[in-house]
Structure formats: C-alpha cells, structure tokens
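Each remark here refers to the structure printed beneath this line.
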Amino acid sequence: MVERNPLRFILPNALTLSRPFIAREAAKAIREGKKGKAFILVGAAVATDADGTVARRLGETSKFGEIADPIADTAMRLQILRELDMAKGTKAIKAIAESAILITNVALFIASKFDAKLTPPSASALGKTRFVVDGIAATRLIAKPKDLVASWAIAGMSVLTAVDYINSARKTINGK
C-alpha cells in the first residue's frame, strides 16, 4: 500500500481556515486606511478561495471542507465588506443578503448533523464568478470609497449569492 502525504489533506483545509483570519487583517487595513496593505490582503483572501480546487486536484475533498468552505467564505465576506465605504443605500441591501447567506450556511450545517445526506451548497462556476466580482469591486472601493458602481456590484452579488444558497439549500433538503 502506498503511503499518502498528509499535506494533501492539510493544504486545502489550511487555506479554508486561514481565509477568515486574512480577511480580519484586510478589514483592519481598510479601517485604518492602509490601502496598499488592504489590496494585498484582499487579494490573498480571494486567492485562498482556491481551497476547493486544490482539494479536488489532490483528490482530497472532505466533509469538513464541504461544510467549512462556505462558512469561511461568509466570514470573509462579512469582515471585509462591512469595512468598505459603500454608496448610500447599498450597505443595507448587502447586509440583508449577507445575513441570508450566513443563516442558510448555519442552518444547513446544523441540519447536516442530523441527516448525513444534507450538505451546504457547493460553489458553482457562477458562484466563483460572483466571488471574483466581489473581490474586484472591493478593491475598487478601497481605492475609491463610495463608488456607486462598485457598491451596487457588491450589493447585487450578495443578493445573487443569497438566492443561490437558499435555492441550493431548498434543493438539498427536498432531495432534488
């Protein structure tokens, strides 16, 4: 039997677990007006979203990663996006959508403890695209606070992500 390298399992999960901590530092840099540091950290936080891709390429996907990834994504989004100086009216829309994402993830996580067939929604190619658009809009807002286009892009992506997560949860629970 060939012995497997434990790094194959550790690397994707380390990326997942590091995302909220990198995001916390990015949020702090945004709050303190350190634009250069904020750009680098937002980029690093977005780059850690490759955890699922790394796990699939290494053949090391896990139930932990399936559950932790969307929670880490949500934690990152909440930390970074709440610090951005968004245009008037867009922050409330984003906050409602982010709350829906968080509630959906937590509800599915709890439900998965009672029914092993239930899992949080996995990120689709469309979800990854929304995530990248969020990252681009966030970096634009760091450079140009209150930018209307970037503010609406983030609010819109948050709403679309919430709708996608809720629909995925509904399909998972209904077994479709």
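Values quoted throughout were computed directly from the atomic coordinates according to the rules given, and no laboratory measurement underlies them. Just so we're clear, the structure is a prediction, and the values are computed from it rather than from any experiment.
Relative contact order of region 1-108: what whole-number percent is it, with Cα pairs under 8 angstrom and at least 6 residues apart?
That works out to 34 percent.
Here are some pairs, Lys28/Lys94; Lys91/Lys171; Lys37/Lys88; Lys34/Lys146; Lys35/Lys88; Lys88/Lys171; which of them have Cα atoms lying more than 23 Å apart in this structure?
Values: Lys28/Lys94 20 Å; Lys91/Lys171 29 Å; Lys37/Lys88 25 Å; Lys34/Lys146 17 Å; Lys35/Lys88 21 Å; Lys88/Lys171 35 Å.
The pairs that break the limit, which is 23 Å between Cα atoms, are Lys91/Lys171; Lys37/Lys88; Lys88/Lys171.
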